[in-house]
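Data block below; observations after.
The values are calculated or read from the model by the stated rules, or taken from the named source; none is laboratory data. No experiment lies behind these values; they were computed from the predicted model shown. All Cβ positions, glycine included, derive from the backbone under ideal geometry; neighbour counts span all protein chains shown.
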Amino acid sequence: MDWGLKNRIARMVKPSTGRSVMLAVDHGYFMGPTHRLEDPRSTIAPLLPYCDGLALTRGILRNCVPPEADVPIILRVSGGASIVGKDLANEDLTTSMQEALRLNVSAVALSIFVGSDYEHPSLVNLSRLVDEGENYGMPVLAITAVGKELEKRDARYLALSSRIAAELGAHMVKTYYCEGFHKVVEGCPVPIVVAGGPKFDTEKDALQLAHDAVELGAVGVDMGRNIWQSEHPVAMIQAIRAVVHDKATVSEAMEVYRSAVSASRVPSTSSSKPRSVST
Ligand code: 5RP
């Protein structure tokens, strides 16, 4: 692997722990103004100091993230479908490698739709993106998307999709946590991050998912709704960091969450240090 590509990955997957907390805010590219992400600028700003990567589209990057921000960007470069359209799987590449380089991003991301009517074009797009990425030292994150069929999130399907993504050259894979997740990890020779999926009823459930995923070999999370749809997004991302980077148990992470919620209620005279929770 080339130095530039390794360097970009090391900005997201922290060498001190070998893990990563990526924040996903790309939902609008097919879901429109998602609940609590209606105004991405105000959702993203307080969470920026706590994420090791920010996953989004070029439009939200340009308009809602200050260029001074010191955060690795994972640029979504696939799209072209919507929740009201015929088929969510009918995506194509929507953003060029030249644009990714111009935006100085740390990785490009696209969805693949194994088993769908659009399996073939999505996999060919992945391969082409990897060819281009290799030319420029740009890592490619393949997302094993399931469209509207959430029931596809089982180990057999996710292991199949993740392995195909790795075979075609993806440098990292984003998939879902599932029962038997170890089979997904064992069959995929590149690092895996997990999405959170729709918001759980409790913070504890989301922390459990993150905990179990890293315990079984994921390098971290690329999580969205379970962070920014939480009543306390900053406390939640701090708790996720504790699980991912500090190997906290779920009850320890819940303690981090509760302390951060309490701290946010008490007016403080000392300056807060956002990264003190974990590396
Ligand atoms: C949308 C995505 C999302 O980024 C991914 O699903 C992560 O967000 P969440 O944790 O809310 O599921 O890839 O296609």
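Summary of values
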item	result
Selection from region 207-227 of residues that are in a helix (DSSP H, G or I), touching a Gly at 6+ places or on another chain (Cβ under 9 Å) and more than 9 Å from the ligand (Cβ to nearest atom)	LEU209, ALA210, ALA213, VAL214
Any chance LYS247 is modelled with pLDDT under 95 and either of a type in the set (Lys, Arg) or loosely packed, with under 14 Cβ neighbours inside 10 Å (or both)	no
Qualifying positions in region 95-142 - within 24 Å of VAL194 (Cβ to Cβ) and touching a residue at least 60 places away in the same chain (Cβ under 8 Å)	SER106, ALA107, ALA109, GLY133, MET138, PRO139, LEU141
Scan of region 12-35 for residues that are more than 10 Å from the ligand (Cβ to nearest atom) and surrounded by fewer than 17 Cβ atoms within 10 Å (Cβ to Cβ), ordered by number	PRO15, SER16, GLY18, GLY32, PRO33, HIS35
Which numbered condition VAL193 fails, given (1) within 15 Å of the ligand (Cβ to nearest atom); (2) out of contact with any Phe, Trp or Tyr (no Cβ under 8 Å at 6 or more places or on another chain); (3) of a type in the set (A, V, I, L, M); (4) farther than 16 Å from ARG153 by Cα	(4)
Where a residue in region 212-234 is of a type in the set (Ser, Thr, Tyr) and its partner, wherever it lies, is in a helix (DSSP H, G or I) and buried (at least 22 other Cβ atoms within 10 Å of the Cβ), with Cβ under 8 Å and at least six apart	SER230/GLU203; SER230/ALA206; SER230/MET236
HIS171, sole failed condition from (1) modelled with pLDDT of 95 or more; (2) within 27 Å of ARG36 (Cα to Cα)	(2)
Considering residues of region 1-41 that are in a loop (DSSP other than H, G, I, E, B) and of a type in the set (A, V, I, L, M) only, the residue farthest from LEU54 (Cα to Cα)	MET1
Complete set of residues in region 228-246 that are over 21 Å from ILE192 (Cα atoms) and within 11 Å of the ligand (Cβ to nearest atom)	TRP228, GLN229
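For every residue, the table says whether it meets (1) under 30 Å from HIS232 (Cβ atoms); (2) more than 19 Å from the chain's Cα centre (by Cα); (3) small (Gly, Ala, Ser).
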site	(1), (2), (3)
ASP131	no, yes, no
TYR136	no, yes, no
THR144	yes, no, no
LYS148	yes, no, no
LEU160	no, yes, no
ALA166	no, no, yes
HIS171	no, no, no
ASP212	yes, no, no
GLU215	yes, no, no
